[in-house]
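The values are calculated or read from the model by the stated rules, or taken from the named source; none is laboratory data. Bear in mind that the values here come from a model prediction, so they are computed numbers and not experimental data. With ideal geometry, Cβ positions are generated from the backbone for all residues, glycine too; neighbour counts draw on all protein chains shown. Only protein heavy atoms, including side chains, enter the accessible area calculation; ligands, DNA and RNA are left aside. Shrake-Rupley method; radii C 1.70, N 1.55, O 1.52, S 1.80 Å.
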Number of protein chains: 4
Amino acid sequence: MQRKILMTDCADEHGLIAKITGVCFKHQLNIIKNSEFVDNQQQRFFMRTELEGEFHEAQLLADLEQVLPPKNQMRLIDAGRKRVVVLVTKEAHCLGDLLMKAYYGALEVDIAAVIGNYQTLAPLADKFDVPFHFVSHEGLTREEHEQALLQQLTPYQPDYVVLAKFMRVLTPGFVSHYPSRIINIHHSFLPAFIGANPYRQAWERGVKIIGATAHFVNDSLDEGPIIKQDVIPVDHSYSAEDMAKAGRDVEKSVLSRALALVVNNQVVVNGNKTLVFK
Amino acid sequence: MQRKILMTDCADEHGLIAKITGVCFKHQLNIIKNSEFVDNQQQRFFMRTELEGEFHEAQLLADLEQVLPPKNQMRLIDAGRKRVVVLVTKEAHCLGDLLMKAYYGALEVDIAAVIGNYQTLAPLADKFDVPFHFVSHEGLTREEHEQALLQQLTPYQPDYVVLAKFMRVLTPGFVSHYPSRIINIHHSFLPAFIGANPYRQAWERGVKIIGATAHFVNDSLDEGPIIKQDVIPVDHSYSAEDMAKAGRDVEKSVLSRALALVVNNQVVVNGNKTLVFK
Amino acid sequence: MQRKILMTDCADEHGLIAKITGVCFKHQLNIIKNSEFVDNQQQRFFMRTELEGEFHEAQLLADLEQVLPPKNQMRLIDAGRKRVVVLVTKEAHCLGDLLMKAYYGALEVDIAAVIGNYQTLAPLADKFDVPFHFVSHEGLTREEHEQALLQQLTPYQPDYVVLAKFMRVLTPGFVSHYPSRIINIHHSFLPAFIGANPYRQAWERGVKIIGATAHFVNDSLDEGPIIKQDVIPVDHSYSAEDMAKAGRDVEKSVLSRALALVVNNQVVVNGNKTLVFK
Amino acid sequence: MQRKILMTDCADEHGLIAKITGVCFKHQLNIIKNSEFVDNQQQRFFMRTELEGEFHEAQLLADLEQVLPPKNQMRLIDAGRKRVVVLVTKEAHCLGDLLMKAYYGALEVDIAAVIGNYQTLAPLADKFDVPFHFVSHEGLTREEHEQALLQQLTPYQPDYVVLAKFMRVLTPGFVSHYPSRIINIHHSFLPAFIGANPYRQAWERGVKIIGATAHFVNDSLDEGPIIKQDVIPVDHSYSAEDMAKAGRDVEKSVLSRALALVVNNQVVVNGNKTLVFK
């Protein structure tokens, strides 16, 4: 008995649910959970089907291909643990939460390595016996630094790269190695306060709520598809530093909940947005 | 082109999604939205299928009957406005919100009448040209009062009866006329503070959050299937009266959101719980 | 026995709480609630003191003047109902909530009049016996329209002007008549989605949370001091219209809670921010 | 320059704020933050005054004694780190969060030791170089086990004892050693689901929100003064195990926020309730 996720993404047409679930039934696969969404503007159909049973994968995919419209993007994904590499700078809270949750089993991930452009967090990775690679950006061009990062990153063959308060902007060249597979936490409620020092911006604007946003990284800074957001209330008594301190809890929580959704194969990228299937 | 909701509730078995959506496809009905849930403990399958097209209802139901297990509870429901009667005592906020939302189109209901055991809210119903019936409980036994209520209620043939801070306990005899069709708002986060004066109970216990619960009414006071709950923070500076005042907003909001879910046919009763399909 | 609020706003120096509360004690005024805040960046002291007793106002203010630094901005405000005029366009939900809450006593305001640039909401104001003035902007310059608005507004001598989804930008000339006394509800979580059609902007960006912001109006559109914000979760299944519909509840709730804070004299403007005393 | 917190708790009478802040001013102490509360039912006055300056403590206390009513409970507390000992059973998430937050400076505590009635969490304490003491309850009476716990606990002289999912009921005898100094996390929104297996109780009742409660421990199980509560939404698709898993995040967050409030001297016990000063 195996468990796999069938992700369908194709042009919309009548009868798709019946056809796809019909093929699954023919293969004697049990549907644990089925969720679909039609993007009416793009006339596009998305479905996530959690299947259990004995898989004859080549035949299953061939049978599905028969009933799906051409140019569909169908994928059959193994349910199970994913391998991630975490990129960090100096702040410990997001990395700490990921390490701790992986440790006690709240996240279905193996943290294969941590890479930092400072050495600050090496002792934290050590505590959990995770290799830490120090890749300083000093004296390097952006491209050279990214090459050095990739050199460390590539051998781990990560399913996902997690930016856990990695305070460097990545170029499209770097991002193209992991399309829709790099997850960033931005310390504001995007699209408010894009860019540097969002808590100071929030403090200067006098907002009454602050937030955090986890998103896939694409070519434009802070503009990739949003996966998860959350907020906490603040008031006039908070300095910018108080906001930053209070924000850490929501940052770490949003990042690890976003990662959980991604590794559970609940998130589909649809243009510059995500679909998040419950 | 019509829109209807097919609600399936039957013993679980393999292939149900494929079979049911297959029948719908054969009938050239378009599935707008499909949501299912399996109660593994009860081995029971639930599905809500929002359909659009031309319905040949007798044939559709017959075809579905062919593919469903015996003793299924299948219903085909017209999407569209529902008729409700609201029972009240003296507090205006819940009734006011329902009337206002029905007025500006935020709730797909026709409020056919308001019945009060006091006359306090007659002027409010009048503002919205909704008939108000005063049915005092004074000098009557509980059974006599309920008979008097039913006499006013029955002719309106309501789809749902809404208890909008109706401060009387209803007997099983009354409830049996509207099984899973009476919606109550309880001014606490059930099952905390069952019974009388929950805000005073909350104040005495020193809780830091208060809430409200909308539920279907069954034979036991405050113990019917919960539809919706929400909470708001409070602190030590709140008196029991402050809590009651602050709680009004969450009461009215929970009640009207619960009613919206119910009239949109998103709520299914499953034993003493509800399934709420998104 | 009267109740008044002493609002102190002055340069910070040592001993201010002792000096001010000392004067109040000398006057045999009981302090019901006292809240202070020091803006360390501006070196400015703010205090809100809720007083009860017999007021000898001229003497009290003279005695306070003695102990406060020069150029202080001290005000003694009567606790009690405030008079407001509401400006609207076509959407009913915010006006409806204000009228309903004023009606059942959840807001300490008298709604003296409603002014609309369309006639749509006249019947709603009528239900609550509130005068409605139709001041169309058609065929008028912005200045002419604002003159016409002021002509209706001024005679009511409102303490506050509430923009309850009034879809017109006000000029600094208009705003200068009611400095820090015009309250607007913006249908986004500011500063995200400033300007027109924020729900469409939110939908296009694919956010997972939407919000509303109540703020005082100053010379720059959507940039005045924020009083209150709140948010609700959304997901990929929401169209821009669904977001707008879901947002109505949070808009009306944020506006009426902001107005409650303002009329309870809990809000102080400090530059482009507000202090909100609990 | 030192920072201390003056906590006043006495019978209410006129002029207390003026008198107390007057003494502070005479001592040339700067008030960083002042918060008061009057419990009108008990006629009791509470004030938290955060002071900065040079303290002549004996004289300050003597001068305050002069102006306060008899039988007052006044305390002058050093701001600064507190020493805690954490009691655990097998679940890692609460202990993990406390260790991590102490590690990166988000909690002003020194975790002096961890004591477990199972050995499960010894490796986790080890990672952070915190001594772990295994005190099994097997083969011991409740009193014997508590004696064994005290033997390990007492030498650390903890300011606070934190029960981070310690699944044993403590007797009044044990509790009396640390009055209002033992903090427990209960995995429900108290007073709902007191006692064993609250997530199963919540699942059986079909609630739509689950929560967690941090409270001081007194003589009655789950009935001590509540410090902090928070909730998360759930739906019909959650099993009792899913609720338990989802609840871990809110448990750890509520416990560490409650502990932060306590160690920042923001929490005062008032009968069976707490005052939490912002």
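Things to note:
- The range D:36-51: number of residues that are under 15 Å from D:Gly15 (Cα atoms) and within 25 Å of the chain's Cα centre (by Cα): 7
- A search for C-beta distances below 6 Å between a residue of the range D:253-278 that is over 23 Å from D:Arg3 (Cβ atoms) and at the interface with chain B (Cβ under 10 Å from one of its Cβ atoms) and any residue that is part of a strand (DSSP E or B) and modelled with pLDDT of 95 or more, counting only pairs 6+ apart in sequence or on different chains, returns D:Val254/D:Ala212; D:Val254/D:Ala214; D:Val254/D:Lys228; D:Val254/D:Asp230.
- Boolean, D:Lys4 is of a type outside the set (Asp, Glu), part of a loop (DSSP other than H, G, I, E, B) and more than 10 Å from chain C (Cβ to nearest Cβ): no
- Output for the range C:7-47, where each listed residue is touching a residue at least 40 places away in the same chain (Cβ under 8 Å), more than 9 Å from chain D (Cβ to nearest Cβ) and more than 17 Å from D:Phe37 (Cβ to Cβ): C:Met7, C:Thr8, C:Asp9, C:Cys10, C:Ala11, C:Glu13, C:Asp39, C:Gln42, C:Arg44, C:Phe46
- Total residues in the range D:23-47, condition touching a Phe, Trp or Tyr at 6+ places or on another chain (Cβ under 6 Å) and open to solvent by less than 30 Å² (accessible area, probe 1.4 Å): 3
- Condition met for D:Arg81 (open to solvent by 20 Å² or more (accessible area, probe 1.4 Å), under 25 Å from A:Gly247 (Cα atoms) and away from chain A (no Cβ under 14 Å)): yes
- Single match in A:Asp230, A:Asp249 (criterion: charged (D, E, K, R) and at the interface with chain C (Cβ under 9 Å from one of its Cβ atoms)): A:Asp230
- Matching residues in the range B:213-227 - criterion: being away from every other protein chain (no Cβ under 11 Å) and hydrophobic (A, V, I, L, M, F, W, C): B:Val217, B:Leu221
- Matching residues in the range B:94-125 - criterion: being over 26 Å from C:Ser253 (Cβ atoms) and open to solvent by 40 Å² or more (accessible area, probe 1.4 Å): B:Tyr118, B:Gln119
- B:Glu50 being surrounded by fewer than 16 Cβ atoms within 10 Å (Cβ to Cβ) and either away from chain C (no Cβ under 14 Å) or not basic (Lys, Arg) (or both): no
- Yes/no for D:Leu149 being open to solvent by less than 40 Å² (accessible area, probe 1.4 Å), on the phi < 0 side of the Ramachandran plot and assigned to a helix (DSSP H, G or I): yes
- Only one entry of C:Val86, C:Val67 meets the criterion of being farther than 20 Å from C:Phe277 by Cβ, of a type in the set (Val, Ile, Thr) and in the same structural domain as C:Leu163 (by TED's automatic domain parsing), and that entry is C:Val86.
- A single entry from B:Ala192, B:Ala125, B:Ala164 fulfils the requirement of being among the small types (Gly, Ala, Ser), assigned by TED's automatic domain parsing to the domain that holds B:Val267 and free of Cβ contacts under 8 Å to residues at least 24 places away in the same chain: B:Ala192.
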